[in-house]
């Protein structure tokens with residue numbers, strides 16, 4: 001992670017120990033979408049990878065801040081193709097969409113399996 005003015009600890013900041021708990025319910029939701037044939041396992045894995053990468057980058061910041069997302073994207077553009085970055089951003093955006101939906105807050109989706117492939121954190 002690059003150190004700059006945006007990566008200082010701020011209110012709402014995520015800490016390293018919070019990353020997997022931030023992802024837990026969302027990974028269950030991705031598993032449900034795979035089971036319902038809404039997305040492929042490969043897509044779910046890409047989304048999970050992108051969200052995990054973003055939260056790791058955003059450690060010490062408020063991950064919901066638009067400038068944090070822009071800094072992350074700018075850093076990724078130095079080493080990765082825009083197509084890969086856009087896939088990771090799609091995962092990160094899907095996580096935000098679910099998190100902002102009151103119907104899913106604090107709820108584990110029905111019929112999900114804990115051993116699903118999105119659980120791998122190779123990050």
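Between residue 96 and residue 37, the FRET efficiency estimated from the beta carbon spacing at R0 = 30 angstrom works out to 0.80. Quick check on region 15-107: take the gyration tensor over C-alpha atoms, sort the square-rooted eigenvalues as a ≥ b ≥ c, and tell me if it's rounded (a/c under 1.5), prolate or oblate. Judged from the Cα gyration tensor, region 15-107 comes out oblate (a/c at least 1.5, b/c at or above a/b).
Please say if region 61-101 is rounded, prolate or oblate, where rounded means a/c under 1.5 for a ≥ b ≥ c the square roots of the C-alpha gyration tensor eigenvalues, and otherwise the choice is prolate for a/b larger than b/c and oblate otherwise? Here region 61-101 falls in the oblate category.
Read the figures in this text as sums done on the coordinates, not as results from a lab. This one's a predicted model, so the numbers in the text were calculated from it and none came from an experiment. In this analysis, Cβ positions are derived from the backbone assuming ideal geometry, glycine residues included, and neighbour counts consider all displayed protein chains.
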